[in-house]
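Working notes, structure below.
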Amino acid sequence: MDKPRHLKRRRRRDDGKPRTLEAECLKCNKIVHYDEVKQDHSDTDDLLFHVNTFDPLCASYISILQFDRYSLVRKQEAAQAACAGELRGHACEDCYEDLIELAFQQEKEALVNDLRKYMECDEALAQGSGRTLPAQQLQQQVDEYMATEECLIQRLRELTVQQQKVQEELAHATSEGRELQEMLHRAHASLSAEEMELFCTSEDAAAGTAATENVRSGIKSLKDVSLLPKLFDISIVSSGDKRSMAKINNLRLVWIADEKVDWDELSAAWGLASLCLQVTARVCQAPFTMFRPLPNGSSSLMEDLTAGSTARAPYSNLFVRDPTRENIASFDKALSAFVVCVYELAERAGISASLPCRIQGASVMGMSMCLTGNSVEKWTQAVQFLFRSLKRVVEHVSNTYISLY
């Protein structure tokens, strides 16, 4: 759709591109953007507004030219005037129609005043002023008045035609303004829908963020939990009369002297202890070099990694089915290997010097772990000391190396 004439930007007669400047509106002082004026536009045909009016300061007629949408130029007809082609001001879109209408009204008022003066002069001539002028002079004045009146009437007609054109352009601009309003309403509706969609997206994002924070909190809580001590509960339980025994997951690792020996419970307890030893070593990535536990429930073994092709048996039983001398001897060998594995694991974890109970070789606090040649009380106490140190190793590894999983 073509823009109305008063909204089109006029092209300069020269081929150079006009430079855009800023000025204040003549009426409302709003900032107006306009093209720079570099030449006289008094003779151009691309004028939106052109009126002739009398300037009392210069005592001559001037032309007020509107040669683009916002710029007003005052052209002095007198050649000696210093204000010829001077830029008089600028009008914004909101004030443009008001200024044009004001110019028309001022022009009409000036024409009416001139007619009134001419009529007064005619009346004065008709009544006579007591001074008789020569007929030739009077006729000359009448001719001048008539010529001036004819010019004014002609100019009034021109202004009327221009006013009609401006009204037509205004009506066309109003029609376009309505179309723009409809487009603006549709844009507002689309924007409201997008804002609602954005709000829903923000709500979903907030819900996702909250869910992520909950997951992170849960992960942090899991990281703060010591898993190995929860999985392998090693405890020293008092049994009265200043006697106590070591347990793992509530399974007894020893027995009291006056109690009947339950070899199945002891075998299961030491099998669980060998599993604890193996899992802890894998968590801290510390492979055994001398002995290695082979957990298998109540039939677990200890493997001698240094036996090789020697005559020594590579495996020893960490359980007792039938308490014969040979089975007890194999059990004693497995217990000694277990002590060596605990010390090696503590050394790999860097806490061998800070164990609660000192381990040296296959003995704990100077006590042997073998049943053969040892009293039940001393053997029970040695097992307690060993599992105090093992508990310390398990807790340290759980707190230090559990992030590897």
Point to revise | Inter-label distance for SER175 and VAL215, nm, one decimal - labels placed 7 Å from Cα along Cα-to-Cβ | key: 6.1
Revision key, fill the gap. For the stretch 366-405, Rg(Cα) over 2.2 N^0.38 Å is 1.62
Exercise for review: Return the long-range amide H neighbours of ARG358 (sequence gap of 5 or more, or a different chain), with a cut-off of under 5 Å between placed amide H atoms.
Suggested key: MET365
Check your understanding: Given the Cα-Cα distance of LYS108 and SER239 and 0.36 nm per residue of separation, how much length would full extension add, in nm?
Key -> 34.8 nm
Practice item. Would you please put 289-297, 190-198, 338-346 in order of how densely packed they are, using the mean number of other Cβ atoms within 10 angstrom per residue and starting with the highest? Key: 338-346, 289-297, 190-198
Exercise for review: Go through LYS333/LYS391; LYS247/LYS378; LYS260/LYS378 and tell me which ones have a Cα-Cα distance over 20 Å in this structure.
Suggested key: LYS333/LYS391
Check your understanding: With all protein chains present and a 1.4 Å probe, how do VAL112, VAL397 order by accessible area, largest first?
Key -> VAL112, VAL397
Revision key, fill the gap. In nanometres, the difference between 0.36 nm per residue of separation and the alpha-carbon distance of ASP264 and ASN296 is 10.2 nm
Check your understanding: What accessible area per residue, rounded to a whole number of Å², is obtained for the stretch 247-405 using a probe radius of 1.4 Å?
Key -> 48
Practice item. Pull out the extension gain between ARG116 and LEU231, defined as 0.36 nm times the separation in residues minus the alpha carbon to alpha carbon distance; nm, one decimal. Key: 29.8 nm
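With a 1.4 Å probe and all protein chains kept in place, how do ARG325, ARG348 rank by accessible area, largest first?
So, going from the largest accessible area down, we get ARG325, ARG348.
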Review point. What relative contact order, as a whole-number percentage, does the stretch 259-306 give when Cα pairs under 8 Å and 6 or more residues apart are counted?
Key: 39
Exercise for review: For the stretch 228-404, with all protein chains present and a 1.4 Å probe, just round the carbon and sulfur fraction of the accessible area to a whole percent.
Suggested key: 50
Review point. If amide H atoms are built 1.01 Å from N in the plane of the peptide, which residues on other chains or at least 5 residues away come under 5 Å of the amide H of LEU305?
Key: PHE291, ARG292
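May I ask you to give the average projected area over all directions of the convex hull of the Cα atoms of the stretch 228-404, in nm² rounded to one decimal?
Dividing the Cα hull surface by four gives the mean projection, 10.1 nm².
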Point to revise | Contact order relative to length of the stretch 228-404, as percent, for alpha carbon pairs under 8 angstrom and 6 or more apart | key: 21
Check your understanding: With every protein chain in place, what's the accessible area of ILE234 (1.4 Å probe, Å², nearest 10)?
Key -> 10
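The values are calculated or read from the model by the stated rules, or taken from the named source; none is laboratory data. All values derive from a computational prediction rather than experimental measurement. Positions of Cβ are backbone-derived with ideal geometry, glycine not excepted, and every protein chain shown enters the neighbour counts. SASA here: full protein model, heavy atoms, side chains in, ligands and nucleic acids out. Shrake-Rupley method; radii C 1.70, N 1.55, O 1.52, S 1.80 Å.
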